[in-house]
1. Leaving ligands, DNA and RNA out of it, work out the accessible area of LEU111 with a 1.4 Å probe and give it in Å² to the nearest 10.
2. Listed highest first by mean packing, meaning other Cβ atoms within 10 Å per residue, what order do 96-104, 82-90, 117-125 come in?
3. Within the range 107-154, list the GluC sites (Glu not before Pro) lying in a DSSP loop whose Cβ has at most 15 other Cβ atoms in a 10 Å radius.
4. Figure the gain on full extension for ALA85 and GLN41 (residue separation times 0.36 nm, minus the Cα-Cα span) and round it to one decimal in nm.
5. In nm, to one decimal, how far is the modelled label at LEU152 from the one at GLN63, with both set 7 Å along Cα→Cβ?
6. Any idea of the accessible area per residue across the range 40-149, 1.4 Å probe, to the nearest Å²?
7. Just grab the label-to-label distance for GLU70 and LYS145, each label 7 Å out from Cα along the Cβ direction, in nm (one decimal).
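The values are calculated or read from the model by the stated rules, or taken from the named source; none is laboratory data. Remember, it's a predicted structure, so these values are computed and weren't measured experimentally. Because the Cβ atoms are built from the backbone with ideal geometry, glycine has one as well, and the counts that use them run over all protein chains shown. Quick note on the areas: whole protein, heavy atoms, side chains included, nothing else; ligands and nucleic acids left out. Shrake-Rupley method; radii C 1.70, N 1.55, O 1.52, S 1.80 Å.
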Amino acid sequence: MILGRCVEVLREGDAFHFRRLMTTMSISKDGSLTPLWASRQSRILVVEDNSGDAELVRAVLEQNVESSIEIAQSNRLTDAIRRIAVERFDLIVLDLGLPDSKGFETLERILAVAASIPIIVLTGQEDPDLAEKLIGRGAKECLCKNNVSGELLVHAITRCMKSL
């Protein structure tokens with residue numbers, strides 16, 4: 001199946017997409033594709049005060065990523081900042097509306113201590129202008145909670161982890 005897709009991309013003469021496919025994915029023993037970042041132990045910090053949303057992110061990752069990842073959760077920004085100071089994380093999934101911080105301030109405060117860690121912002125607002133502003137201020141990705149699928153989240157994580 002995977003080999004067939006690679007041949008199809010090459011047959012179409014689409015060298016860009018073939019290189020992209022081969023540089024972001026690895027082929028497991030059973031022939032399935034796995035994101036390269038998932039082939040090692042990755043640590044993701046989910047900063048989300050809504051336990052249902054945090055559990056949804058966890059479930060999406062566990063269902064869509066074959067290798068082991070460690071997911072930690074903080075429900076307050078102050079807790080996340082404390083953890084970042086003493087633990088290693090490869091990625092942060094950040095909600096902007098937390099009990100101790102709201103909006104752009106949340107992103108700015110996390111960037112102050114984690115500038116080198118890619119950040120995916122999950123927001124409940126469907127506003128393209130907001131997403132553009134967040135990315136302009138340092139977020140790597142911005143996804144709307146109402147529209148996020150497992151495939152979209154894994155794709156965003158793959159893009160972020162590739163930049164490491």
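1. 30
2. On the way: 96-104: 16.1, 82-90: 13.0, 117-125: 20.3.
Listed from highest to lowest mean packing, they are 117-125, 96-104, 82-90.
3. On the way: sites: GLU108, GLU126, GLU132, GLU141, GLU151; in loops: GLU126.
Counting only loop positions with at most 15 other Cβ atoms within 10 Å, the GluC sites (Glu not before Pro) in the range 107-154 are GLU126.
4. Numbers: separation 44, 0.36 × 44 = 15.84 nm, distance 1.94 nm.
Result for the pair: 13.9 nm of gain on full extension.
5. For the pair LEU152/GLN63, the computed spacing is 1.5 nm.
6. Numbers: 5380 Å² over 110 residues.
In whole numbers, the range 40-149 has 49 Å² accessible per residue.
7. With each label point 7 Å from Cα toward Cβ, the separation is 2.7 nm.
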